[in-house]
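*Asks:* The following block contains the structure, expressed as structure tokens.
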Amino acid sequence: MNNIECKVCIIGAGPAGLLTYDYLAQYNIPTVVFESSCSYGGQCTAFYRNKQINGIPGLYNTSAGEFIQNIYNQCINKNNIILNANTDVINIKNNLFYLKNDDDIYICKYLILATGASSMKPIIPNIKGIEKFINDEDFLQFYCSNFEQYRNKKVVIAGGGDSAVDYAIEISNISNVNTNTKSSITENKILDISSIATVYNNVTSSNQPSLQSVIPNNVVLLHRRDKLKCNQNKLKLLNKVDVKLNQNILEIRKNLVITDKEEIHTNNVIFCYGFTYNNNFLQQLSKFGLLLDNNLINIDLNSMETSLKHCYAVGDVVKYPLKKKNIISCCFEAARVVNTILNKESLF
């Protein structure tokens, strides 16, 4: 068993972990990144590879997958990003962290937790018939990694958050065969959800027998509430999506979604009801004094330090007032924690 000393260890190679690693490398601070999965990028590559990244200054028309690849490409020493890592905390003593990975012991002064949501499992709703299709990935999905599979198909997306809306927008651009037909929602004018609801209540109240005869669009966005929970600026991009509000899904059959108001024929169903999380590494650290709040970590926003000295956290695992789970927050958090370490090492 080898003892390997380094200044910093980062747990997780998602966007927050990679951004932090890249920033540290610019100051020649010896750092090792441990990623438990077989690839880097976290949710950006696992679930949202083709999703467009919005809200980052200077970054235009870039997908999540491209964004991650760009960060990885600019990392100076890629050999220090260890994939398929099986990392355990074995001790903390004399202000040093002892981590075991395979047959090696890594000893570091600073530990940065960028575990994101860690082990994720999709939330499966209690809907009649859904259990029959859990393993039928050609019909039922819980996230999209390849939008091309929905080209020229009818797709029902269940959910009202940003992921559901983003999927609906992206898929509507390739799923509608008749691209000359405009949606019944708007001609790129409607921005508020109440207007969308009014239009679609009128459209869906008809007794037409099929989705195709009701509306020319092939993408249906189903939400059980009367308002979408997404960024409201995205609503104007739903002009090729059939938005149906205040509808509860009662049953799933092959190529059929049955709600409390209608039956919708479809080729695919995508449920965007979120994920449940399990983070064994954080549970190990909690035995040494790391305080957790529903598997999230409260930090000192001035330094990104956790309840453990010299242990910091960035990304989706972090909790603080007004926290937003997005890339721009990862950039801020990565810069803040690296600046803290630089200051402690008298390099700032």
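*Asks:* Test Leu228 against the stated conditions and say whether it is modelled with pLDDT of 90 or more, over 19 Å from Lys128 (Cβ atoms) and in a loop (DSSP other than H, G, I, E, B). Full working, then the answer.
*Replies:* Values: modelled with pLDDT of 90 or more: yes; over 19 Å from Lys128 (Cβ atoms): yes; in a loop (DSSP other than H, G, I, E, B): yes.
Spelling it out, Leu228 is indeed modelled with pLDDT of 90 or more, over 19 Å from Lys128 (Cβ atoms) and in a loop (DSSP other than H, G, I, E, B).
*Asks:* Let me ask you something else. Kindly indicate whether Ile127 is at pLDDT 95 or above and either more than 22 Å from the chain's Cα centre (by Cα) or of a type in the set (A, V, I, L, M) (or both).
*Replies:* Working: at pLDDT 95 or above: yes; either more than 22 Å from the chain's Cα centre (by Cα) or of a type in the set (A, V, I, L, M) (or both): yes.
It is true that Ile127 is at pLDDT 95 or above and either more than 22 Å from the chain's Cα centre (by Cα) or of a type in the set (A, V, I, L, M) (or both).
*Asks:* Report yes if Ser329 is assigned to a helix (DSSP H, G or I), touching a helix residue (DSSP H, G or I) at 6+ places or on another chain (Cβ under 9 Å) and surrounded by fewer than 21 Cβ atoms within 10 Å (Cβ to Cβ), otherwise no.
*Replies:* Details: assigned to a helix (DSSP H, G or I): yes; touching a helix residue (DSSP H, G or I) at 6+ places or on another chain (Cβ under 9 Å): yes; surrounded by fewer than 21 Cβ atoms within 10 Å (Cβ to Cβ): yes.
Answer is yes for this residue.
*Asks:* Hey, another quick one. Do the conditions hold for Asn3, that is, is it over 13 Å from Cys330 (Cα atoms), out of contact with any Phe, Trp or Tyr (no Cβ under 6 Å at 6 or more places or on another chain) and part of a loop (DSSP other than H, G, I, E, B)?
*Replies:* Values: over 13 Å from Cys330 (Cα atoms): yes; out of contact with any Phe, Trp or Tyr (no Cβ under 6 Å at 6 or more places or on another chain): yes; part of a loop (DSSP other than H, G, I, E, B): no.
For Asn3, the condition - over 13 Å from Cys330 (Cα atoms), out of contact with any Phe, Trp or Tyr (no Cβ under 6 Å at 6 or more places or on another chain) and part of a loop (DSSP other than H, G, I, E, B) - is not met.
*Asks:* Mind checking which residues of the range 57-71 are in a loop (DSSP other than H, G, I, E, B) and in contact with a strand residue (DSSP E or B) (Cβ under 8 Å, 6 or more places away or on another chain)?
*Replies:* Taking the range 57-71 as the starting set, the residues that turn out to be in a loop (DSSP other than H, G, I, E, B) are 57-62.
Listed by number, the residues that qualify are Asn61, Thr62.
*Asks:* Suppose we filter the range 264-291 for residues that are within 21 Å of Arg336 (Cβ to Cβ), within 21 Å of the chain's Cα centre (by Cα) and part of a loop (DSSP other than H, G, I, E, B); how many remain? Can you show your working first?
*Replies:* Within the range 264-291, the first condition is being within 21 Å of Arg336 (Cβ to Cβ), and the residues that meet it are 282, 285, 290-291.
From the residues that got through so far, the ones that are within 21 Å of the chain's Cα centre (by Cα) too are 282.
Among the residues that remain, those that are also part of a loop (DSSP other than H, G, I, E, B) are: none.
Residues flagged as within 21 Å of Arg336 (Cβ to Cβ), within 21 Å of the chain's Cα centre (by Cα) and part of a loop (DSSP other than H, G, I, E, B) within the range 264-291 amount to 0.
*Asks:* So, of the residues in the range 243-258 that are within 25 Å of the chain's Cα centre (by Cα) and assigned to a strand (DSSP E or B), which turns out to be surrounded by the most Cβ atoms within 10 Å (Cβ to Cβ)?
*Replies:* Looking at residues that are within 25 Å of the chain's Cα centre (by Cα) and assigned to a strand (DSSP E or B), I get Val243.
*Asks:* Between Lys323, Lys261, Lys319, which is surrounded by fewer than 21 Cβ atoms within 10 Å (Cβ to Cβ), free of Cβ contacts under 8 Å to residues at least 60 places away in the same chain, of a type in the set (Lys, Arg) and not assigned by TED's automatic domain parsing to the domain that holds Ala16? First the steps, then the outcome.
*Replies:* Numbers: Lys323 fails: not assigned by TED's automatic domain parsing to the domain that holds Ala16; Lys319 fails: not assigned by TED's automatic domain parsing to the domain that holds Ala16.
Going through Lys323, Lys261, Lys319 in turn, the sole match is Lys261.
*Asks:* For Leu111, work out the one condition from (1) under 16 Å from Asn255 (Cα atoms); (2) surrounded by 14 or more Cβ atoms within 10 Å (Cβ to Cβ); (3) of a type outside the set (Phe, Trp, Tyr) it doesn't fulfil.
*Replies:* Every listed condition holds for Leu111 apart from (1).
*Asks:* Which residues, taken from the range 96-131, are touching a residue at least 12 places away in the same chain (Cβ under 8 Å) and either in contact with a His (Cβ under 6 Å, 6 or more places away or on another chain) or charged (D, E, K, R) (or both)?
*Replies:* If we filter the range 96-131 for residues that are touching a residue at least 12 places away in the same chain (Cβ under 8 Å), which is where we start, we get 96-97, 99-125, 127-130.
Within the range 96-131, Lys100, Asp102, Asp103, Asp104, Lys109, Tyr110, Lys121, Lys128 meet the criteria.
*Asks:* Still on this model: Looking at Lys51, Lys93 in this structure, which one is among the basic types (Lys, Arg) and touching a Ser or Thr at 6+ places or on another chain (Cβ under 7 Å)?
*Replies:* Details: Lys93 fails: touching a Ser or Thr at 6+ places or on another chain (Cβ under 7 Å).
Answer to the selection: Lys51.
*Asks:* So, Asn54, is that one part of a strand (DSSP E or B) and surrounded by 13 or more Cβ atoms within 10 Å (Cβ to Cβ) or not? Give the steps one after another, and end with the answer.
*Replies:* Working: part of a strand (DSSP E or B): no; surrounded by 13 or more Cβ atoms within 10 Å (Cβ to Cβ): yes.
Answer is no for this residue.
*Asks:* Moving on. Could you check, for the range 269-286, whether at least one of its residues is free of Cβ contacts under 8 Å to residues at least 12 places away in the same chain and in the same structural domain as Thr45 (by TED's automatic domain parsing)?
*Replies:* Restricting attention to the range 269-286, the residues satisfying the condition of being free of Cβ contacts under 8 Å to residues at least 12 places away in the same chain are 283, 286.
Next cut, in the same structural domain as Thr45 (by TED's automatic domain parsing) only: 283, 286.
Yes: one or more hits.
The values are calculated or read from the model by the stated rules, or taken from the named source; none is laboratory data. These numbers come from a predicted model, not from an experiment. For neighbour counting, all protein chains shown are included, and Cβ atoms are generated from backbone atoms with ideal geometry for every residue, glycine included.
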